[in-house]
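Structure record follows, encoded as structure tokens.
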Amino acid sequence: MFNPSRDQARDFLFEAWRKFNAREPHNPLSALETIAVGIIGRHPEYHLLLEQRDHFADRDYAPEFGETNPFLHLSMHLAIQEQIAIDQPRGIKAAHQKLMAKLGSDLEAEHEIMDCLAEMIWQAQHAKSAPSAEIYLKCLETKLIGLA
């Protein structure tokens, strides 16, 4: 799924969750769907939403009203897990391990990383520049210091 549209990304999550719940032996989960289902499984607050494609597929989420976009949240987990798996940017895997040790939870470590990923993306958009691994890793370093 290289550079999917909003609808494609949402459809991927809806379909992965549907396939998981249907347990169709002739239609097994792909490797990426298996990862997505693992992430979704750790977010029970999104289960009902993902079972109602017709109701939620086109819904917009306004951060200015304090709404979290569940599709963005789950997709960021997928991105973070891929980054950790390949240690890209270099150092993210070590930062993740340190966060897990300090927080005692893989999920909470990913949520802390997610804050930094969002910050890096925001700064890149604001500056109309490419995302900066340096900004990302510095944010993670700051979080680790703050948790000391």
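The values are calculated or read from the model by the stated rules, or taken from the named source; none is laboratory data. If you're wondering where the values come from, they're calculated on a predicted model, not measured in any experiment. So basically every Cβ, Gly included, is an ideal-geometry build from the backbone, and we count neighbours across all protein chains shown. Side chains included, ligands, DNA and RNA excluded: accessible areas come from the protein's heavy atoms. Shrake-Rupley method; radii C 1.70, N 1.55, O 1.52, S 1.80 Å.
A few points about this structure:
One line per residue, one yes/no per condition, for (1) touching a residue at least 40 places away in the same chain (Cβ under 8 Å); (2) within 20 Å of Gly38 (Cα to Cα); (3) charged (D, E, K, R):
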| site | (1), (2), (3) |
| --- | --- |
| Ala85 | no, yes, no |
| Gly91 | yes, no, no |
| Met100 | no, yes, no |
| Glu112 | no, yes, yes |
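- Failed item in (1) in contact with a helix residue (DSSP H, G or I) (Cβ under 8 Å, 6 or more places away or on another chain); (2) closer than 19 Å to Ala16 by Cβ; (3) of a type in the set (Asp, Glu), with Glu82 passing the rest: (1)
- Subset of region 114-148 that is out of contact with any Lys or Arg (no Cβ under 6 Å at 6 or more places or on another chain) and outside any helix (DSSP H, G or I) - its residue that is most open to solvent (accessible area, probe 1.4 Å): Lys128
- Scanning region 79-113 for residues that are in a helix (DSSP H, G or I) and among the small types (Gly, Ala, Ser) turns up Ala79, Ala85, Ala94, Ala95, Ala101, Ala109.
- Meets criteria (crowded, with 18+ Cβ neighbours inside 10 Å, at pLDDT 95 or above and under 26 Å from Phe12 (Cα atoms)) for Glu108: no
- Some residue of region 70-78 being surrounded by 12 or more Cβ atoms within 10 Å (Cβ to Cβ), within 16 Å of the chain's Cα centre (by Cα), over 19 Å from Glu112 (Cβ atoms) and touching a residue at least 24 places away in the same chain (Cβ under 8 Å): yes
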